[in-house]
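Structure record follows, encoded as C-alpha cells.
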Amino acid sequence: MKWYRSLKTTMNGWTILSILIVSFVILPNLSILVQFFSEPNENWLHIREYMLQSYIQNTLILIVFVGFFTLMIGTSLAWIISAYDFPMRKFFQWGLILPLAIPPYIGAYTYHGILNYTGTIQTTLRNQFDVTVNQDYFNIMNMPGAIFIFTLFLFPYVFTITKAYLARQSTGLIENARILGSSSWRIYFQVVLPISRAAIVAGVSLVILEVLNDYGVVKYYGIQTFTTAIFQTWFGMGDLQSAVKLSGTLMIIVVGLLILERVMRGRKRFSFTTTKVKLLQPVQLKGRQKWLAFSYCMFIFLIAFIIPIIQLLQWAFYTYEQFFATEFLGLIINSVSVAFIASTIIVVMAIIISNFARLNRGMLAKTFPKVTIIGYSIPGAVIAVGVVTLFTSVDRQLFGFYEWLGLEPTLIMSTSIFMLVFAYVIRYLAVAYNSIESGFDRIGTNFTEASRMLGMSVTKSFFKVDMKLIRGAIFGGFILAFIDIMKELPLTLILRPFNFDTLATKAFQYASDEMIHQAAIPSIFIVVVSGIAIYVFHHVLEKE
Amino acid sequence: MFIHIRNLAFNYQGADEQTIKDFNLTIDQGEIISILGESGSGKSTILRLIAGLEMPTSGNIMVGDHCMCSNSTFTQPEKRGVGMVFQDYALFPHMTVEENIKFGLQKWSRKEKKQRVLEVLELVNLQDYRKRYPFELSGGQQQRVALARALAPKPKLLLFDEPFSNLDADLQIRIREELRRILKSTGVTSIFVTHDQDDSQALADRIVVLRSGEIADLGTPNEIFGTDCSFSERLAVKPRVLSRV
Ligand SMILES: Nc1ncnc2c1ncn2[C@@H]1O[C@H](COP(=O)(O)OP(=O)(O)OP(=O)(O)O)[C@@H](O)[C@H]1O
Ligand SMILES: [Mg+2]
C-alpha cells in the first residue's frame, strides 16, 4: 500500500516530464556506447593500428600544455587582481573575462592572418623596414600555435573561478600569511595555489573540456585529434561505424578525466555561475611593482582581446559593403533563431528538472541533476554522432508510419533542423541548469512551501512565486546558453541541414577557404554579442 | 475530538534514528496546543508532517472527518485546509501586504477578497500598511502580516513554527498576548512550536513536551509547570525550567 501511496503522490507532471527529459539526454550517449561494442570493420582496425596512437598523443599534448598554461596565467591574474590594487584593476576584473567572447577558432584564423606572409606584421616589416623574416618563426599553424591560441582564449575560465574562490573563501588565510610577513611569491605558491586547488581544478577542467570539444582550431591548424578524426572518418570515408568507435573512445577519455577531476578537487563542488562575493582587501602597490602588475594584465588583455578585435575590424572594413547584403541577414536570422529556440527549450527543461530535484527526495531527485549536466562534458562531435545514430534508427522504425501517412519512406527526422536543436539542447542544458539551480538554491524552498500552505499547487506556486523570484537566474541561464549556441561549431557543422548556415559555420568556412576578410564580419558579430553578454553578466546580474 | 494523530512515525532520508517515534495526539476544536522541546527534538518535523510537507513512514492524521494521511492516502498540503506561519515568515518579497494576503484567497470572488483583506488586517492592526512591501515593514509587523495571511483563508488548523524567534524580548511578550487574543477571537484550532517555556505557558491551553521525537509529557501549563519540584526536575526541558521553580 505504501509504495502505491508514494507513487501516487510523486507521479505528477513535473516528475514525468523530468523522466522524459533525462531519457532524452541519455539516449544518444547510450546509443554510442551500445554501438561502441559492435563488430569492428576493417577501417576501424586500420585506424586503431596506425592512427589512434597519434590522435591520443596529440590530444594529450594539447590538454596537458593548455591546462598548464591556463592554470599559470589564470591563477596568477586572479591572485594579482584579488590581492593588489594598481591602475585599472577594476576594469581588469571583468575585462580579463572578455577573451571568452572570442571563440578559439576565430582567434586561430585571426592570429594566422596577423602573422602570415601577407599579414599585417610581415607586410609592415617588408614595406617599411625592408625586412623579410624567416617564415618558420612566424608560422603559427602547428602544435605550439594551437596551444597558444587555446591558452589565450580559454584562460578566463581558470581566472574567473579562482578569483571568485579567492575572494570568498580564503580571506582569512591570506591575511594571516600577510601579517606573518610572507612575500607575495611565497603566499602565491604556498598558500594561494594549494588552498584554491578545488577551484583551479574546476577551472582547468572546463578548459580541457573545451579543448576536447574543439574542431575549428585543430582543423584549421592541421592537427589530428579525435574530433578531426571523427569528421574525417565519417565525412571523408563515409564510415559512421568507425566514427562511433572513435566517439566512444573519446567519451571514455572524458569520463576518465571527470573521475580524475573528482578525485583531485576533493569534496567541494563548483559551478561556473558566479555568486556574490566578499572581496579580499587589496593592498596598494607602489612604484615599479604597480606598473609591473598593470603591464602584465594589460599585455594579456591586449593579445587575448584587443589585437584580434582590431584585426577583425580592419578586415571587416574591407568587406562590409559586400556583406551587408541579404546573405548576412540570413545568417543572423538562422543563428539567432536556432539559438533562441534551443535556449528556450533548454531553459524550460532546466527549470523542470531543477524544480523537481529540489522539491523531492529520493533516488531520482538525487541522480537527475547529475545526468542533466553530462552533456556539457561530452564533445560536440560525439554528441552529433550519438544524435545521428539515434535519429536514423528512429527514422527506420518510423518508415512504416511515414508510408502510412502517405510520405516517402526516407530519413525525415535525421535530416531536419529538429536534430540540430535536439543536439544543442543536450550539449548546453547544463549551462542553463547551473544558473537556474543556483537561483533556486538562493531562495530555498520556504516560499514554495508557504505558497502551498495557502492552497496553491506546486505548478501554480512555481508560476506565481518561484519563477518571479528567480527571474534573474532564468534570464542568465538563457543568455549563457544562447551565447554558447551562437558560437558553436562542431555540432552545427555536422548536423545542420543541407544549405543551412549560421554565422559560426559561415565564418569558419570562409576562413578555411582563405577568404579571411569575409570571415571577419560574422566573427565580429559573434564576438560583440558575446562581449555584451559578458558585460551584462558582470554588471547587472552580479549585483542582483 | 477535532484532530487525531495516531502512531505517527517518520525519519529523514539518511538519518539513522527515527526523527519522530510513535507520536499520538488529539486536539479539540479551538484549542491552542504548544509543542515545547529542545533544538533538534523534532518540533518542526511534527508541524511539517501535519502540514503535509513531509510524508510519514506510518501513522494517521485526521482533521475533522477527513483523513489527511494514512498508509494508503496522502493529501497534498494545498488540499488540507491547514495554514502555517513560518519561522522567517516567508512573506513573498515581490508582493505587497495586500497581495500577500490575497494570495490564499484565489477561489474567492473579488469583493469577498477585498472584504477579507480588510478584516484580517484590522484583526492584526495593520490597516494602514496594505500597500507596503514586506521589506518596508518591521519584524513585528512582518510577523503580523504572516499571521493575517495564514488566517485569511479561514484554515481549519493553524500551525506556527517558532513564531517569536525573530523578535526582541519586549515585542515577544506583547505579541504573545495579542496572538492569544486573536486566535481565541477567531476560534481557530492552532499548534505552535517553541523552545521557550514562557511562550508555551502564556499562550497554550495544553503543552506537549517533546524529547528526541517522543512525547515526554502532555498537559495544561499548570500541570506541567506546577509547583511540584521533582516533576520539573524529571522534565528538565531546559535549565530555565528548573531555575524558575
Ligand atoms: N531535511 C532534513 N534532512 C535530514 N535530517 C533533518 C532534516 N531536517 C531536520 N533533520 C533532523 O531531524 C531532527 C529534528 O529536526 P527538527 O527541525 O524537527 O528539530 P526542531 O525541534 O525543530 O529544532 P529547532 O528548535 O532547532 O528548530 C534533527 O536531528 C535534525 O538534524
Ligand atoms: Mg525547528
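The values are calculated or read from the model by the stated rules, or taken from the named source; none is laboratory data. Just so it is clear, the model here is predicted, and its values are computed rather than measured. Please note: Cβ atoms are built from the backbone with ideal geometry, for glycine as well, and neighbour counts cover all protein chains shown.
Working carefully through the options B:I33, B:I5, B:I50, find the one that is within 14 Å of ligand 1 (Cβ to nearest atom), among the aliphatic types (A, V, I, L, M) and closer than 17 Å to B:I191 by Cα.
B:I50
For the range B:185-199, give me each residue that is within 15 Å of ligand 1 (Cβ to nearest atom) and within 14 Å of chain A (Cβ to nearest Cβ).
Result: B:I191, single match.
Would a scan of the range A:136-155 turn up a residue that is assigned to a loop (DSSP other than H, G, I, E, B), more than 22 Å from A:V66 (Cβ to Cβ) and either out of contact with any helix residue (DSSP H, G or I) (no Cβ under 7 Å at 6 or more places or on another chain) or touching a residue at least 12 places away in the same chain (Cβ under 8 Å) (or both)?
no
Just checking: which of the helices (runs of 4 or more DSSP H) contained wholly in the range A:442-532 hold 3 or more residues that are under 30 Å from B:G104 (Cβ atoms)?
A:446-453, A:458-461, A:471-487
If you scan the range A:451-469, which residues turn out to be free of Cβ contacts under 8 Å to residues at least 12 places away in the same chain and at the interface with another protein chain (Cβ under 7 Å from one of its Cβ atoms)?
A:R452, A:M453, A:L454, A:G455, A:M456, A:S457, A:K468
Out of B:R180, B:R174, B:R206, B:R149, which single residue is touching an Asp or Glu at 6+ places or on another chain (Cβ under 8 Å) and either aliphatic (A, V, I, L, M) or away from ligand 1 (no atom under 16 Å from the Cβ) (or both)?
The unique qualifying residue is B:R206.
Please find, within the range B:30-47, the residue that is nearest to ligand 2 (Cβ to nearest atom) out of those that are among the β-branched types (V, I, T) and farther than 16 Å from B:F86 by Cα.
B:I33
In the range A:11-105, which helices (runs of 4 or more DSSP H) lie fully inside it and hold 3 or more residues that are of a type in the set (V, I, T) and more than 17 Å from A:F299 (Cα to Cα)?
By residue number, A:13-36, A:52-83.
Could you list, in sequence order, the residues of the range B:155-171 that are within 14 Å of chain A (Cβ to nearest Cβ) and away from ligand 1 (no atom under 16 Å from the Cβ)?
Those that are within 14 Å of chain A (Cβ to nearest Cβ) and away from ligand 1 (no atom under 16 Å from the Cβ): B:P155, B:K156, B:L157, B:L158.
Kindly indicate the residue of the range A:354-390 that is of a type in the set (K, R) and modelled with pLDDT of 85 or more and also surrounded by the fewest Cβ atoms within 10 Å (Cβ to Cβ) among those meeting that condition.
A:K370
Read through the list (1) under 25 Å from B:D198 (Cβ atoms); (2) more than 16 Å from ligand 1 (Cβ to nearest atom), then give the number of the only condition that B:G40 fails.
(2)
Just a yes or no: is a residue in the range A:530-539 polar (S, T, N, Q), crowded, with 24+ Cβ neighbours inside 10 Å and either closer than 30 Å to A:Y215 by Cα or modelled with pLDDT under 90 (or both)?
No; the residues of the range A:530-539 include none that is polar (S, T, N, Q), crowded, with 24+ Cβ neighbours inside 10 Å and either closer than 30 Å to A:Y215 by Cα or modelled with pLDDT under 90 (or both).
Yes/no per residue for (1) surrounded by fewer than 18 Cβ atoms within 10 Å (Cβ to Cβ); (2) more than 30 Å from A:V192 (Cβ to Cβ):
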| site | (1), (2) |
| --- | --- |
| A:Y109 | no, yes |
| A:T124 | yes, yes |
| A:N127 | yes, yes |
| A:V131 | yes, yes |
| A:Y137 | yes, yes |
| A:N142 | yes, yes |
| A:A146 | no, no |
| A:L152 | no, no |
| A:V158 | no, no |
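Inspect the range B:90-97 for any residue being touching a residue at least 24 places away in the same chain (Cβ under 8 Å), within 16 Å of ligand 2 (Cβ to nearest atom) and at positive phi and give the result as yes or no.
So far as the range B:90-97 goes, yes, one or more of its residues are touching a residue at least 24 places away in the same chain (Cβ under 8 Å), within 16 Å of ligand 2 (Cβ to nearest atom) and at positive phi.
Condition check: away from ligand 2 (no atom under 16 Å from the Cβ), under 30 Å from B:G40 (Cβ atoms), touching a residue at least 40 places away in the same chain (Cβ under 8 Å) and away from chain A (no Cβ under 14 Å). Does B:R176 satisfy that?
no
Scan the range B:188-209 for residues that are of a type outside the set (S, T, N, Q), surrounded by fewer than 23 Cβ atoms within 10 Å (Cβ to Cβ) and away from ligand 2 (no atom under 16 Å from the Cβ) and report the count.
Result for the range B:188-209: 5.
Taking B:L121 and the conditions (1) more than 8 Å from chain A (Cβ to nearest Cβ); (2) within 16 Å of ligand 2 (Cβ to nearest atom); (3) closer than 21 Å to B:T186 by Cβ, which numbered condition does it fall short on, given that it satisfies the others?
Unmet condition: (2).
Just to check your reading of the model, which residue among A:L96, A:L60 is away from every other protein chain (no Cβ under 14 Å), surrounded by fewer than 16 Cβ atoms within 10 Å (Cβ to Cβ), within 28 Å of the chain's Cα centre (by Cα) and hydrophobic (A, V, I, L, M, F, W, C)?
None of the other options fit; the residue is A:L60.
Restricting attention to the range A:1-29, which residues are touching a residue at least 40 places away in the same chain (Cβ under 8 Å) and away from every other protein chain (no Cβ under 14 Å)?
A:L17, A:S18, A:I19, A:I21, A:V22, A:F24, A:V25, A:I26, A:L27, A:P28, A:N29
Given the condition of a type in the set (S, T, Y) and away from ligand 2 (no atom under 16 Å from the Cβ), answer yes or no: does some residue in the range B:1-19 qualify?
Within the range B:1-19, not a single residue is of a type in the set (S, T, Y) and away from ligand 2 (no atom under 16 Å from the Cβ).
Quick one: which of A:Y50, A:Y117, A:Y84 is within 30 Å of A:I516 (Cα to Cα) and either of a type outside the set (A, V, I, L, M) or touching an Asp or Glu at 6+ places or on another chain (Cβ under 7 Å) (or both)?
Residue meeting the stated conditions: A:Y117.
Is the range A:406-423 home to any residue that is small (G, A, S), farther than 26 Å from A:I16 by Cβ and free of Cβ contacts under 8 Å to residues at least 12 places away in the same chain?
Checked the range A:406-423: at least one residue is small (G, A, S), farther than 26 Å from A:I16 by Cβ and free of Cβ contacts under 8 Å to residues at least 12 places away in the same chain.
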